[in-house]
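Participant: First the structure, then my questions, so here it is.
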Amino acid sequence: MPMRRTDPPLPTRNQVIGYAQDILAASISYTWTDALSWSGLSWNGTIADIRQLRCDGVVEVCYELSGKDVWGRNGTHYPIQDHPSEHNNLGKDNPQVELSPIVQRGGVSGSPTKLSTEKLYEPNL
């Protein structure tokens, strides 16, 4: 069962930051090979079971444990906790099947990401 923060209810931004703090506190090491590598035969969906993370893996874990999907292979299979091996293909040449920070943020045409930019304020000059 994935770890979920339940008390007290926090805004999503605070949940994402909380999971990032949990990752830092767990001293999880960096890897460039996989977005996420775990200790056992399969990832159990908790931070305690994570052995190594790539930078895009940090984003996937923090947002998705907070209930917000980010990237999914071929526009499906979004949750990294349900499909960790599908998130481990690094690249940007084929954003449908290759995850990387530029693909995650929608910087490559055709990326199946759910992150989007939003203008919060545009000054009147």
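Participant: Among the numbered criteria (1) touching a Lys or Arg at 6+ places or on another chain (Cβ under 8 Å); (2) surrounded by fewer than 17 Cβ atoms within 10 Å (Cβ to Cβ), which single criterion is violated by Ala35?
Facilitator: The failed condition is (2).
Participant: Right, here's the next one. Here is a list of conditions, (1) modelled with pLDDT under 95; (2) in contact with a strand residue (DSSP E or B) (Cβ under 7 Å, 6 or more places away or on another chain); (3) under 21 Å from Gln15 (Cβ atoms); (4) of a type outside the set (Gly, Ala, Ser), and Thr31 meets all of them except one; can you say which number that is?
Facilitator: (3)
Participant: Scan region 104-124 residue by residue and report those that are in contact with a helix residue (DSSP H, G or I) (Cβ under 8 Å, 6 or more places away or on another chain) and either under 30 Å from Leu41 (Cβ atoms) or among the polar types (S, T, N, Q) (or both).
Facilitator: Matches in region 104-124: Gln104, Ser111, Pro112, Thr113.
Participant: OK, next. All but one of (1) surrounded by fewer than 18 Cβ atoms within 10 Å (Cβ to Cβ); (2) part of a loop (DSSP other than H, G, I, E, B); (3) within 14 Å of the chain's Cα centre (by Cα) hold for Ser85, so report the exception by its number.
Facilitator: Status for Ser85: all satisfied but (2).
Participant: Any residue in region 104-116 that's buried (at least 18 other Cβ atoms within 10 Å of the Cβ): show its pairings with residues that are of a type in the set (Phe, Trp, Tyr) at Cβ separation under 8 Å, as long as the two are six or more apart or on different chains.
Facilitator: Every condition considered, the pairs that remain are Gln104/Trp71; Ser111/Trp71; Pro112/Trp71; Thr113/Trp71.
Condition check ((1) assigned to a helix (DSSP H, G or I); (2) free of Cβ contacts under 8 Å to residues at least 12 places away in the same chain; (3) acidic (Asp, Glu); (4) at positive phi) across all residues:
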residue: Gly18; (1), (2), (3), (4): yes, no, no, no
residue: Asp22; (1), (2), (3), (4): yes, no, yes, no
residue: Ser27; (1), (2), (3), (4): no, yes, no, yes
residue: Gln52; (1), (2), (3), (4): no, no, no, no
residue: Tyr63; (1), (2), (3), (4): yes, no, no, no
residue: Asp69; (1), (2), (3), (4): no, no, yes, no
residue: Pro79; (1), (2), (3), (4): no, no, no, no
residue: Lys92; (1), (2), (3), (4): no, no, no, no
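The values are calculated or read from the model by the stated rules, or taken from the named source; none is laboratory data. Since we're looking at a predicted model, the values are computed, not measured. FYI the Cβ positions are ideal-geometry reconstructions off the backbone, even for glycines, and counts take in every protein chain you see.
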